[in-house]
1. Grab the helices (runs of 4 or more DSSP H) fully contained in the stretch 39-141, keeping just those with 3 or more residues being farther than 27 Å from residue 175 by Cβ.
2. How many residues are among the basic types (Lys, Arg) and within 16 Å of residue 149 (Cα to Cα) when one looks only at the stretch 1-24?
3. Can you tell me which residue is farthest from residue 90 (Cα to Cα) among those in the stretch 59-76 that are out of contact with any Leu (no Cβ under 9 Å at 6 or more places or on another chain) and of a type outside the set (Gly, Ala, Ser)?
4. Mind checking which pairs have a first residue in the stretch 20-48 that is farther than 13 Å from residue 8 by Cα and a second that is part of a strand (DSSP E or B) and not hydroxyl-bearing (Ser, Thr, Tyr), Cβ under 7 Å, 6 or more apart or different chains?
5. Name the one entry in 133, 90 that is touching a Gly at 6+ places or on another chain (Cβ under 9 Å), more than 25 Å from residue 183 (Cβ to Cβ) and at pLDDT below 95.
6. So, of the residues in the stretch 148-166 that are crowded, with 17+ Cβ neighbours inside 10 Å and in a helix (DSSP H, G or I), which turns out to be farthest from the chain's Cα centre (by Cα)?
7. All but one of (1) in a loop (DSSP other than H, G, I, E, B); (2) more than 17 Å from residue 120 (Cα to Cα) hold for residue 23, so report the exception by its number.
Amino acid sequence: MRIAVIGTGNIGGSLGTKWRAAGHDVVFGARSPAAAGPGGAPVRSVADALTDAEVVLLAVPGTAAAQVVAEHGQALAGKVIIDAANNIGAAEVNSRAAVVDSAPDASYARAFSTLGWENFVDPPAGAALFFAADPAARPAVTELITATGLEPAYVGGGGAAHIVDGLLPLWFALVQQNGGDRKLAFRVVR
């Protein structure tokens, strides 16, 4: 897949590096382009990174996500958008409304938003990543979750993003109760 990772921080950097190592064509989009970013992938302007992308990971601070989507709504049309941004303290933690408003022809998914980035770099054995995705986004998101070494746990269409978001405060509470150990994940037992 051709993937644009918007954001070079811990979430975007760790996922982009993992996906590049799995053979995907990854480019980062950021305010400050550079020859090489995390994992050696190029860092371009956000507009340039979106040009040929099939999948876009939105891994910017939650407070910036709506603005990024609004500025690039036309370029996001027809793409799979994976929303990993968390707007902590806002009425809606996810960026689904911004995506629907600014890029209504995109396929939305909510994933990579309920675990610490450490779990993407080195996932605990048997750990699951819960996600919501529009039907057109589901296959790509499933493949990218699997590429990180996590088990995809689908909870519903893009409108189920709030279900995924419900895991975030649970994860934070468990991390606090475990002395701040962020290498904590969920597992589905069948």
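The values are calculated or read from the model by the stated rules, or taken from the named source; none is laboratory data. For clarity, every value in this text was computed on a predicted model and none was experimentally measured. Positions of Cβ are generated from backbone atoms using ideal geometry, with glycine treated the same way; all protein chains shown enter the neighbour counts.
1. Details: elements: 46-50, 62-71, 73-76, 96-102, 118-121.
Ranges flagged: 46-50, 62-71, 73-76, 96-102.
2. Keep residues of the stretch 1-24 that are among the basic types (Lys, Arg), which gives 2, 18, 20.
From what is left, the residues that are within 16 Å of residue 149 (Cα to Cα) are 18, 20.
Counting residues in the stretch 1-24 that are among the basic types (Lys, Arg) and within 16 Å of residue 149 (Cα to Cα) gives 2.
3. This residue is 74.
4. As it stands, the answer is 20/26; 24/3; 25/2; 25/3, since those pairs meet every condition given.
5. On the way: 133 fails: at pLDDT below 95.
Of 133, 90, the one residue that is touching a Gly at 6+ places or on another chain (Cβ under 9 Å), more than 25 Å from residue 183 (Cβ to Cβ) and at pLDDT below 95 is 90.
6. 160
7. All conditions pass for residue 23, except number (2).
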